[in-house]
Amino acid sequence: MHDAHEFLRNLALVLCVAAVTTVVFKRLRQPVIFGYLLAGMIVGPHVPIPLVADEGIVRTLSELGVILLLFSLGLEFSLRKLLQIGPTAGLVAVPETSGMVFLGYVIGQLFGWTTLESVYAGAIIAISSTTIIAKAFDEQRVKGKFTDIVFGVLIIEDLIGIFLIAILTAVSAGAGVSASSLAVTGARLATFLAGLIGVGLLLIPRFMRVVVRMNQPETTLVASIGICFAAAWLALSFGYSVALGAFIAGSLVAESGEEKVVEHLIRPVRDMFAAIFFVAVGILIDPAIILEHWGAVLAFSAVVIAGKVLFVSTSS
């Protein structure tokens with residue numbers, strides 16, 4: 001009972017503070033994401049305000065936001081659409097991530113960091129946040145071919161991120177990286193994707209068409225979110241991110257042709273948990289650390305903005 005009360009207290013605190021900050025930012029005609037981040041700083045441990053939420057509880061809830069946001073993004077990208085934009089997205093994503101890793105490495109070296117620290121810095125700035133960009137595009141109602149390519153690039157980046165994590169984990173452990181280990185990592189990822197997509201195509205589109213034809217919105221909502229969470233859990237079980245599984249689940253549901261119905265139903269649930277995700281990001285922001293390392297923060301921020309814009313504009 002005590003845990004239930006603590007959970008309720010944290011949920012109420014996060015949502016109430018987020019409601020106030022987002023209303024303020026909306027009145028100021030600023031993106032509401034900034035309001036969520038500010039709410040996170042207010043309820044976080046790094047700002048001297050007596051409104052501290054349990055970071056563990058908020059982080060757990062935020063995972064649901066990531067899952068539902070990526071599931072919604074997948075609903076907009078059927079597998080056919082992914083195949084159409086895949087080559088273009090790959091031509092942008094591969095040189096862009098490679099260039100950002102290099103720039104991050106160079107900046108790290110200029111600050112006197114070790115080789116491994118510099119590589120980590122490059123890897124961090126190479127991968128963009130699909131969740132934040134999806135929310136920003138949704139808030140600004142940005143649609144069209146450009147957004148399709150951007151999201152395609154982000155998906156390729158997420159797959160590249162899996163390789164970077166595998167490589168850096170091996171290097172940090174002192175195991176080193178070989179061509180055979182990279183081949184095994186790639187084969188394992190390809191096998192997982194082929195299995196999930198292959199089995200999913202046989203089952204999920206047919207199942208969703210049957211469910212939607214029942215004309216019971218509650219059943220459709222429960223079934224679609226169940227598929228979303230199941231795919232996310234499956235991806236996590238194989239060592240991949242929940243976001244990857246959720247996105248694939250959305251793409252498979254989109255193959256049913258009923259993606260508009262599903263998207264309309266899950267939007268309120270998605271928006272609530274997405275808000276908690278952005279608040280959780282705000283909780284991690286420590287103004288004291290930013291001030292202490294302001295030079296590195298400023299340098300990497302400039303590199304990210306200039307580098308991303310340069311690579312995307314050049315590729316497009």
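The values are calculated or read from the model by the stated rules, or taken from the named source; none is laboratory data. Note that this is a predicted model, so its numbers are computed, not measured. No Cβ is skipped: glycine too gets one built from the backbone with ideal geometry, and neighbour counts run over all protein chains shown. With ligands, DNA and RNA removed, areas are computed over all heavy atoms of the protein, side chains included. Shrake-Rupley method; radii C 1.70, N 1.55, O 1.52, S 1.80 Å.
Step by step: first the residues of segment 29-43, then only those that are aliphatic (A, V, I, L, M) and out of contact with any Gly (no Cβ under 9 Å at 6 or more places or on another chain), then the one that is nearest to S62 (Cα to Cα). Which residue is that? Walk me through it before giving the result.
In the first step, residues of segment 29-43 are kept if they are aliphatic (A, V, I, L, M); the result is 32-33, 37-39, 41-43.
Cutting the leftovers down to out of contact with any Gly (no Cβ under 9 Å at 6 or more places or on another chain) gives us 32-33.
Values: V32: 17, I33: 14 Å.
Selected residue: I33.
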Please determine, by comparing only the residues of segment 187-239 that are of a type in the set (S, T, Y) and touching a helix residue (DSSP H, G or I) at 6+ places or on another chain (Cβ under 7 Å), which one is farthest from V66 (Cα to Cα).
T219
Would you be able to say whether some residue in segment 92-107 is over 19 Å from A280 (Cα atoms), touching a residue at least 60 places away in the same chain (Cβ under 8 Å), surrounded by fewer than 17 Cβ atoms within 10 Å (Cβ to Cβ) and more than 20 Å from the chain's Cα centre (by Cα)?
yes
Taking the conditions exactly as written (in contact with a Lys or Arg (Cβ under 8 Å, 6 or more places away or on another chain), in a helix (DSSP H, G or I), under 18 Å from V281 (Cβ atoms) and not hydroxyl-bearing (S, T, Y)), does L37 satisfy them or not?
no
Given the conditions (1) surrounded by 14 or more Cβ atoms within 10 Å (Cβ to Cβ); (2) over 21 Å from K135 (Cα atoms); (3) hydrophobic (A, V, I, L, M, F, W, C); (4) over 21 Å from the mean Cα position of the chain (by Cα), every one holds for I57 apart from (4)
Restricting to segment 182-221, what's the tally of residues that are in a helix (DSSP H, G or I), open to solvent by 50 Å² or more (accessible area, probe 1.4 Å) and not basic (K, R)?
16
Pull out all pairs, ordered by first then second residue, where Cβ-Cβ is under 7 Å, the residues are six or more apart or on different chains, the first lies in segment 273-293 and is closer than 17 Å to V20 by Cα and aliphatic (A, V, I, L, M), and the second is open to solvent by 50 Å² or more (accessible area, probe 1.4 Å) and part of a helix (DSSP H, G or I).
A280/R59; I283/E55
Pick from S251, S241, S224: which is among the small types (G, A, S) and open to solvent by 10 Å² or more (accessible area, probe 1.4 Å)?
S241
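Restricting to segment 252-300, count the residues that are within 29 Å of D54 (Cα to Cα), of a type outside the set (K, R) and part of a helix (DSSP H, G or I). Spell out the reasoning first.
In the first step, residues of segment 252-300 are kept if they are within 29 Å of D54 (Cα to Cα); the result is 266-294, 297.
Next cut, of a type outside the set (K, R) only: 266, 268-269, 271-294, 297.
Keeping just the survivors that are part of a helix (DSSP H, G or I) gives 266, 268-269, 271-284, 287-292, 294, 297.
The total comes to 25.
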